[in-house]
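Shown next, in structure tokens, is the structure this report addresses.
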Amino acid sequence: MPTLLPLAFALGVPTPRPLPVPAAPVRVVRAWPPPGADPSRIWIEGVSSGPLGRAPDRLFERIFRQRLAAELGRDAADPTFRGIVDLARALVAERGPDVALASRRVLNECFPDWPPVAARRLLPASVCGDVRATGRKGLLFWFEVLFARPFPAFSGRLNAWVTSWAAQWLMGPCSLEGLAPEDLSELVLVHRCRFLEESACASICVNACKIPTQAFFNEEMGVPMRMEP
């Protein structure tokens, strides 16, 4: 029988060592949440909020939902977070093996195309180096050029901090856990993933979240990132 662990992901310089997840495995059962889930970590619709407050959470949630609905060509009837889960279910069902690419497009569309990638022509070729420009959002391209390539450890920690502050509306309560100094990475520990709990489906978690999110950070932002389990 599969197990459910708190979700952990590391951002920064890649390391082959497994991420330290300080919790025992919990068996997946038909009842939800599974036995052993920390009741203090549950996300309550309309009550819970991330560190930035409910207004920014609602803004980020609305942007993400709009991009997800645009990818599908329609919105869900439920106006709450469950509507986002319904859209994700539809994406998995309709896109099949292409769902990871579709989910990655959704993540890309959440970011502005500014400064424009074309501005690289104003700089010496050595500044941008071999950073891929084709098909990139401007903000993501310049982040890799100006931060991820020259300052990989700082970029990993910066992304971990921003994620923990601005994305709890999606992944639920989380905390930053420092790894060993030689890892040059930062661990984001998601104590009780809101998206996973609402969907109660490992397939949606892996194909619509884990795989495309890892690809997004690694290939669109230039920040090494891996998620476990």
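The values are calculated or read from the model by the stated rules, or taken from the named source; none is laboratory data. Owing to the predicted nature of the structure, the values given are computational and were not obtained by experimental measurement. Glycine also receives a Cβ, built like all others from the backbone with ideal geometry; neighbour counts cover every protein chain displayed.
Restricting attention to region 161-173, which residues are in contact with a strand residue (DSSP E or B) (Cβ under 9 Å, 6 or more places away or on another chain), of a type outside the set (S, T, N, Q) and in contact (Cβ under 8 Å) with a residue 40 or more places away in the chain?
A167, M171, G172, P173
Taking only region 193-206 into account, find how many residues are among the aliphatic types (A, V, I, L, M) and either more than 26 Å from L140 (Cβ to Cβ) or not in a helix (DSSP H, G or I) (or both).
Adding up the residues that qualify gives 2.
Matching residues to (1) in contact with a Gly (Cβ under 7 Å, 6 or more places away or on another chain); (2) surrounded by fewer than 20 Cβ atoms within 10 Å (Cβ to Cβ); (3) of a type in the set (G, A, S):
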residue: W161; (1), (2), (3): no, yes, no
residue: S164; (1), (2), (3): no, no, yes
residue: Q168; (1), (2), (3): yes, no, no
residue: G172; (1), (2), (3): no, no, yes
residue: G178; (1), (2), (3): no, yes, yes
residue: S185; (1), (2), (3): yes, no, yes
residue: R194; (1), (2), (3): yes, no, no
residue: S199; (1), (2), (3): no, no, yes
residue: M225; (1), (2), (3): no, no, no
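Between a residue in region 207-229 that is under 17 Å from V85 (Cβ atoms) and in a helix (DSSP H, G or I) and any residue that is basic (K, R) and at pLDDT 95 or above, which pairs come within a Cβ distance under 8 Å, given they are 6 or more apart or on different chains?
So the pair list comes out as P212/R104.
Are there any pairs, at least 6 apart or on different chains, whose C-beta atoms fall under 9 Å, with the first in region 111-139 and farther than 27 Å from F64 by Cβ and the second among the β-branched types (V, I, T), and if so, which?
Note: pairs meeting the criteria are R120/V127; R120/V131; R120/V145; L123/V145; V127/V145; C128/V145; G129/V145.
Taking the criterion of being at positive phi and touching an Asp or Glu at 6+ places or on another chain (Cβ under 6 Å), would at least one residue in region 217-226 satisfy it?
Looking through region 217-226, at least one residue is at positive phi and touching an Asp or Glu at 6+ places or on another chain (Cβ under 6 Å).
Take the residues of region 83-123 that are farther than 21 Å from P212 by Cβ and surrounded by fewer than 18 Cβ atoms within 10 Å (Cβ to Cβ): which is nearest to the chain's Cα centre (by Cα)?
Among residues in region 83-123 that are farther than 21 Å from P212 by Cβ and surrounded by fewer than 18 Cβ atoms within 10 Å (Cβ to Cβ), the one nearest to the chain's Cα centre (by Cα) is W114.
Report yes if some residue within region 184-197 is among the charged types (D, E, K, R), over 30 Å from A90 (Cβ atoms) and in contact with a helix residue (DSSP H, G or I) (Cβ under 8 Å, 6 or more places away or on another chain); otherwise report no.
yes
Can you give me the ranges of the helices (runs of 4 or more DSSP H) entirely in region 60-170 with at least 1 residues that are under 19 Å from I204 (Cα atoms) and among the β-branched types (V, I, T)?
Hits in region 60-170: 81-95, 99-109.
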